[in-house]
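Below is one structure, written out as structure tokens; the observations come after it.
The values are calculated or read from the model by the stated rules, or taken from the named source; none is laboratory data. Owing to the predicted nature of the structure, the values given are computational and were not obtained by experimental measurement. All Cβ positions, even for glycine, are placed from backbone atoms using ideal geometry, and neighbour counts span all protein chains on display. Protein only, heavy atoms only, side chains kept; ligands, DNA and RNA dropped before computing areas. Shrake-Rupley method; radii C 1.70, N 1.55, O 1.52, S 1.80 Å.
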Protein chains: 2
Amino acid sequence: MSKKSILDTGVRKVKNVGGFHFGSGSLEELPTYVETRRAIAREQKKCEGVVFLVDHFFRGQEEILARIGAHVSDRIAFVETKDEPTTDGIDQLTRTLIAEGYGEPAALVGMGGGITMDTAKAVSNLLTNGGRAAQYQGWDLVKRPGIYKIAVPTISGTGAEATRTCVMINKENGLKLGMNSDHTVFDQIVMDPDLTATVPRNQFFYTGMDAYIHSVESLSGSYRNPVGDAYSRETIQLCRDVFLEGDMMSSGSREKLMVASYLGGCAIATSYVGLVHPFSAGLSVVLGLHHCVANCIALNAMEEFYPDGWAEFTRMARGQNISIPEGVCARLDEAGFRALYDATVIHEKPLTNALGEDFRAILTYERVVEIFQRM
Amino acid sequence: MSKKSILDTGVRKVKNVGGFHFGSGSLEELPTYVETRRAIAREQKKCEGVVFLVDHFFRGQEEILARIGAHVSDRIAFVETKDEPTTDGIDQLTRTLIAEGYGEPAALVGMGGGITMDTAKAVSNLLTNGGRAAQYQGWDLVKRPGIYKIAVPTISGTGAEATRTCVMINKENGLKLGMNSDHTVFDQIVMDPDLTATVPRNQFFYTGMDAYIHSVESLSGSYRNPVGDAYSRETIQLCRDVFLEGDMMSSGSREKLMVASYLGGCAIATSYVGLVHPFSAGLSVVLGLHHCVANCIALNAMEEFYPDGWAEFTRMARGQNISIPEGVCARLDEAGFRALYDATVIHEKPLTNALGEDFRAILTYERVVEIFQRM
């Protein structure tokens, strides 16, 4: 909307998440939000069915599933999280929902981690905009508001509950890129820290670090927004409380990390990541590593770029007794490194944010390979 | 919506401002936001006229007024800020707009300080909900969404751009109380720190302190929300940067204070104020003192309740060479103090937040009078 290029000025225009419900036990409010949408659909004589995309982790957890407010006529689809979302997978899920009569649901709930929430965002946009997911990878390509969507994060860190993107891997061109759009922002989030009590420790740490890492990247970049800076600072402070003071999985810490995740998402919605995320994206695309562990692996090799963040991250991992995978690129050949390089330097915006427009002069092929070899 | 009382749990359900545009020069985006709403109205064959409520400070400032995107057929109304908004004043303005054919404008812009923004919120709600302003003073009494409303803050501190209330004095019953409602939240805010360059220094300080004071109150209270706590901490940190480090009116400081105001507003939207605001409300209702200077006067007499906040506030005022009015209650008689007491202790929620449900045992009439006598 601004006449200036976004790269000249940083992000100035921000769409907020519609609203949030926060606190232990908040899951009990989900049915109310769902019913409100059902009532609106009823009034408009539209489909009252609701689609629940739920992390496969909750498959069979009847105690939880009984609390989400699903009717028998609703559609619960479990989202596999072994691999990160692909554009093909999103297209397939969207086609299935349409074929089953859920092409215009009253609401779409994404309950789970970043993968599940991103899947909900992408499907929501596709259902109202038509076409295929890959068409919307990029910036502001989504034309119409998606289906009303509610996020229920069950692990903290990615900030997917607050951002304007949903990241997908396009297997055809090897790109990992999101639908960056105001229409991707959730209408409502229900943040219940009770839901994160059962996350495995390693995953809890890796995912939590996403909030820390993108805040560090954002504050080190040159495209800044003072609102985003404030969010980033507070996110980092909350991560310090969680990961440097006692047990990261105490109820107080889980509550704080859920706030950090939300604020970190708000931060990244007003700014850009830096070097860690592009390298991490390379690891995801080429080696299939999940986003959050890949971030940790990438930062672990980036002392030269983020000396303070690296040192603090190392203390956090040590303090929580978490080990970061090493040697992940050990068996790669030349073609593998070439693929890593390509999948990394494609991320021009964050790399420019971190190193300036001449980032390719710093991130030569040799330098990039050398960094990956350290991972 | 929660089955639990809001006082049992603190505020858990928060509606966010729809979105914001931040940064020097952002005023140039206001016409785009206005035109978007005009286009929607045109499509729906509704009134395309836009109402601009503008702080009287800008009367005659053609250079600024030429940039807000007003058409000849729009209505610009200047809002007097000598006195705080009254329910009667809001009713009168609403009637005038309806009589002039602006009963259903395409958008309503509130450009100014807290008084102007609160006026815009109240009028927006009244235009769609009918009735009189006093009917909606309280919690969640507004039934329908208001006219789409855009805030352009021109002074920083009150957080009115981000809160779910608009405070009005009801002359009939002497109450100072807001329309607390999700419908009161702005749909869009345009934050341009250039606009605060011409604020008189005293006013800049007093108003900025509102953000500091309600964050201090919020963090000292018992009804807390971890998201709100995060906003409050960052607001206080930004206020320290602005008021303890160099000139509070440098462009960098004005930018930071605009962020602090927004985040402070977000904080207060998830929590409650404490002792300062109720006493301040008393000063406003009985003595006609403006909200922000009244806050400063009140905190200045509250070392016993907020020792750290009081000390830091004192350093800030001294550092910026601002004096806080004293002796404002010197000429009051018994009836005056009785009115002050009544207008203070009526604010049960914040006083309970600060002191517990037995706050009246602490805030006896004698104690309250003694505190006011120190002001």
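Couple of notes before you dig in:
- In nanometres and ascending order, the distances from the A:D308 label point to those of the other copies are 2.2 (point 7 Å from Cα along Cα→Cβ).
- Here is how the number arises for chain B: DSSP H runs of 4 or more residues each give -39500 (n - 2.57), the sum is divided by the residue count, and the result at 222 nm is -14500 deg cm²/dmol.
- Taking A:T96, A:T184, A:T154 in turn, the Gaussian network model of chain A (Cα-Cα springs below 10 Å) assigns the largest fluctuation to A:T96.
- Residue-wise HN-Hα couplings along segment A:103-118, as the Karplus relation 6.51 cos²θ - 1.76 cosθ + 1.60 with θ = phi - 60° gives them from phi, are x, 9, x, 5, 6, 10, 10, x, 10, x, x, x, 5, 5, 5, 5 Hz; Gly and Pro carry x.
- For the protein assembly as shown, the share of accessible area belonging to carbon and sulfur comes to 50 percent (1.4 Å probe, ligands and nucleic acids excluded).
- Database remark: amide H of A:L175 closer than 5 angstrom to the amide H of A:N170 (H placed geometrically; neighbours at sequence offset of 5 or more, or on other chains; Pro and chain starts carry no H).
- Candidate cross-link partners of B:K176 among the aspartates and glutamates, defined by an alpha-carbon separation under 14 Å and a same-chain spacing of 8 or more, comprise B:D83, B:E84, B:D88, B:D118, B:D342, B:E348.
- Solvent-accessible area of B:K143, all protein chains in place: 150 Å² (probe radius 1.4 Å, heavy atoms, ligands and nucleic acids excluded).
- Counting only alpha carbon atoms, the long axis of helix B:201-220 and the longest principal axis of chain B meet at about 70°.
- Comparing each chain alone with all protein chains together (probe 1.4 Å, DNA, RNA and ligands left out), the residues of segment B:204-234 losing at least 20 Å² of accessible area are B:P226, B:V227, B:A230, B:Y231, B:R233, B:E234.
- Backbone geometry of segment A:365-375 corresponds, through the Karplus equation with coefficients 6.51, -1.76 and 1.60 at θ = phi - 60°, to 3J(HN,Hα) couplings of 3, 4, 5, 4, 4, 4, 5, 4, 5, 7, 7 Hz, x marking Gly and Pro.
- Counting from the shortest, the label point at B:I98, 7 Å from Cα toward Cβ, is 4.7 nm from the same position in each remaining copy.
- Debye, to nearest 20: dipole size of the protein assembly as shown, +1 on Lys, Arg Cβ, -1 on Asp, Glu Cβ: 1380 debye
- Protein heavy-atom accessible surface, 1.4 Å probe, per residue over segment B:201-373: 36 Å².
- A:E48 contributes an accessible area of around 70 Å² to the protein surface, as traced by a 1.4 Å probe with all chains present.
- Calculated translational diffusion coefficient of segment B:201-373 (25 °C, 0.890 mPa s; Stokes-Einstein with Kirkwood radius over alpha-carbon pairs) equals 152 µm²/s.
- GNM flexibility winner over chain A from A:I98, A:I324, A:I150 (Cα, springs under 10 Å): A:I98
- Nearest-ten-degree value, helix B:251-269 long axis tilted from longest Cα axis of chain B: 80 degrees
- Once A binds B, the 1.4 Å probe can no longer reach about 3100 Å² of accessible area, counting both sides.
- Cα gyration tensor, chain B - rounded (a/c under 1.5), prolate or oblate: prolate
- Computed accessible area, B:I236, all protein chains, 1.4 angstrom probe, square angstrom: 20 Å²
- Calculated label separations, B:V72, copies of the chain, 7 Å along the beta-carbon direction, nm: 6.6
- Between B:L108, B:L93, B:L27, the Gaussian network model of chain B with springs among Cα atoms under 10 angstrom shows the greatest mean-square fluctuation at B:L93.
- Across A:K45/B:K143; A:K149/B:K143; A:K256/B:K349; B:K46/B:K143; A:K121/B:K149; B:K13/B:K82, pairs whose alpha-carbon gap is larger than 29 Å: B:K13/B:K82
- Karplus-derived 3J(HN,Hα), 6.51/-1.76/1.60, for each residue of segment B:293-303, Hz, glycine and proline x: 5, 5, 4, 5, 4, 5, 4, 4, 9, 10, 3
- Annotation: amide H-H contacts under 5 Å for B:A107 (H modelled 1.01 Å from N, sequence separation of 5 or more, or interchain): B:V51.
- In degrees, nearest ten, helix A:87-99 long axis to first principal axis of chain A (Cα): 0 degrees
- Residues whose placed amide H lies under 5 Å from that of B:Q188, excluding near-sequence neighbours: B:G18, B:G19, B:K149, B:A151
- Among A:187-198, A:307-318, B:160-171, A:30-41, the peptide with the highest mean count of other Cβ atoms within 10 Å heads the list, and the full ranking is B:160-171, A:187-198, A:30-41, A:307-318.
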